[in-house]
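The values are calculated or read from the model by the stated rules, or taken from the named source; none is laboratory data. As the structure is a prediction and not an experimental result, all values here were calculated from the model. Note: ideal-geometry Cβ built from the backbone for every residue, glycine included; neighbour counts use all protein chains shown. Side chains are part of the model used for accessible areas, which takes the heavy atoms of the whole protein and leaves out ligands, DNA and RNA. Shrake-Rupley method; radii C 1.70, N 1.55, O 1.52, S 1.80 Å.
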Amino acid sequence: MEHKIYLDNAATTKTAREAVEAMLPFFEECFGNPSSIYSLGAKSKRAVMDAREVIAKSIDATPQEIYFTAGGSESDNWALVATAEAYADKGKHIITSKIEHHAILHTCEYLQKRGFSITYVDVDEDGVIKLDDLKRAIRPDTILISVMAANNEIGTIQPIKEIGEIAKEHKILFHTDAVQAYGHIPLSVKECHIDMLSSSGHKINGPKGIGFLYIRQGVKIRSFIHGGAQERARRAGTENVPGIVGFGAAAGRAFASMEERMEKEIELRDYLIERIAAEIPHCKLNGHRENRLPNNVNFSFEFIEGESLLIMLDMKGICASSGSACTSGSLDPSHVLLAIGLPHEKAHGSLRLTLSEENTKEEMDYVVECVKEIVAKLRSMSPLYEDFCKKNK
Ligand SMILES: *Cc1c(COP(=O)(O)O)cnc(C)c1O
């Protein structure tokens, strides 16, 4: 395979060798059902328990509070729908933000059609939720606040500890979609008063199709999949043993190396941000300059289309994204970029580069040169840019 520069780690990550190797035995030799009595089943059961323990410890929870799911989207759906059902007699109001992942926003729309009322709180121009607006949105019938820990498009990290404190003070449940934050920055459910937290394996070098929902002990929430007694009878179905084992291995790896990885990614990120900002005219960094994920870079370039930029970067062996993978295929600009106040035309010209510890400074240099060249080329073909240049002569 030709050398690719992979800069789309917010969409998915390469499965770590450690995760693959940990999984392999559970396809062949150790294929037993964890619910079986014989030792072959017990081996699977043990492996699931071990993974649960590693993951629980990583967020300051207990193993009984970790429920394996089929990924981030399922965890988000479960947290919202099951809370809504369980607490409907207390109230039918949910608060979330305008920049959530579609797994949250579309679930909210679903609940809205079923009689729930949803408040979508605004964010500022850096993508930070407005805490005063959040407080003002609270009503006597509010049952849940769901705000993501870090945004998948612009990388902004939310003040989730403050949000957790507000929720606790008003005796409202607090859920956070931590799919982008988990394994990338430190997270403690205790410190942040989090009642539920969603995470996904494939965003932290684990396999796809596995995630977990943390549910704090004492939170009354309905089962999501009905059937057997797996996951304490709250999420039925024979466990995805290889997936769980791979996720556990990826989590162990992510937390053991977090500090040095953060340091390395932040250095690369800032290098990339500074070079692009200094060398390409008419661009703007999206997201908070400091409170952002260590691996996220998101720029808007005026007078160009993000899609064209992506296609031309692909021809140079660079994998990147414009907005989020889930929004591609639609012509609407990203709801996140609109929420931070970008006009449509600027939102269309956005580029997201999400790094990993495997990237190098040499790759960043190559990327800057390519982006510079392509942006200039696209602008040279843009009538809008031509007009702009004439006016500003
Ligand atoms: C990727 C992502 C999800 C969805 O996770 P899947 O495991 O792909 O279902 C949800 N929320 C955020 C913030 C994400 O980045």
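Worth pointing out:
- Scan of the stretch 25-55 for residues that are of a type in the set (A, V, I, L, M) and touching a helix residue (DSSP H, G or I) at 6+ places or on another chain (Cβ under 8 Å), ordered by number: Ala47, Val48, Met49, Ala51, Val54, Ile55
- Residues of the stretch 271-300 satisfying the condition of being crowded, with 22+ Cβ neighbours inside 10 Å, of a type in the set (A, V, I, L, M, F, W, C) and out of contact with any Leu (no Cβ under 7 Å at 6 or more places or on another chain): Ile276, Leu293
- Every pair of residues 6+ apart whose Cβ atoms lie under 7 Å, when the first sits in the stretch 365-385 and is over 14 Å from Met315 (Cα atoms) while the second is in a helix (DSSP H, G or I) and open to solvent by 60 Å² or more (accessible area, probe 1.4 Å): Val368/Glu279; Lys372/Glu279
- The residues listed here are His170, His193; of these, the one that is at positive phi and open to solvent by 40 Å² or more (accessible area, probe 1.4 Å) is His193.
- Summed over the stretch 177-206, residues that are within 14 Å of the ligand (Cβ to nearest atom), more than 14 Å from Ala149 (Cα to Cα) and in a loop (DSSP other than H, G, I, E, B) total 3.
- Residue among Phe212, Phe247, Phe224 that alone is open to solvent by 40 Å² or more (accessible area, probe 1.4 Å), touching a residue at least 60 places away in the same chain (Cβ under 8 Å) and among the aromatic types (Phe, Trp, Tyr): Phe224
- Ala10 being hydrophobic (A, V, I, L, M, F, W, C) and more than 16 Å from the ligand (Cβ to nearest atom): no
- Selection of first residues in the stretch 122-139 that are in the same structural domain as Ile172 (by TED's automatic domain parsing) and in contact (Cβ under 8 Å) with a residue 12 or more places away in the chain and of second residues that are among the basic types (Lys, Arg) and in a loop (DSSP other than H, G, I, E, B), restricted to Cβ pairs under 8 Å at least 6 apart or on distinct chains, gives the following pairs, ordered by first then second residue: Asp122/Lys98; Asp122/Lys130; Val123/Lys98; Val123/Lys130; Asp124/Lys130; Asp126/Arg289.
- Within the stretch 117-147, considering residues that are in a loop (DSSP other than H, G, I, E, B) and touching a Gly at 6+ places or on another chain (Cβ under 9 Å), the one nearest to Ser199 (Cα to Cα): Gly127
- Listed by position, the strands (runs of 3 or more DSSP E) inside the stretch 207-302 whose residues that are over 27 Å from Ala16 (Cα atoms) and in contact with a helix residue (DSSP H, G or I) (Cβ under 9 Å, 6 or more places away or on another chain) number at least 2 are 283-285, 296-301.
- Total residues in the stretch 343-359, condition under 21 Å from Ile104 (Cβ atoms) and open to solvent by 10 Å² or more (accessible area, probe 1.4 Å): 0
- Filtered residue count, the stretch 48-94, keeping only those that are within 16 Å of the ligand (Cβ to nearest atom), open to solvent by 20 Å² or more (accessible area, probe 1.4 Å) and either more than 18 Å from Met148 (Cα to Cα) or outside the structural domain of Val121 (by TED's automatic domain parsing) (or both): 1
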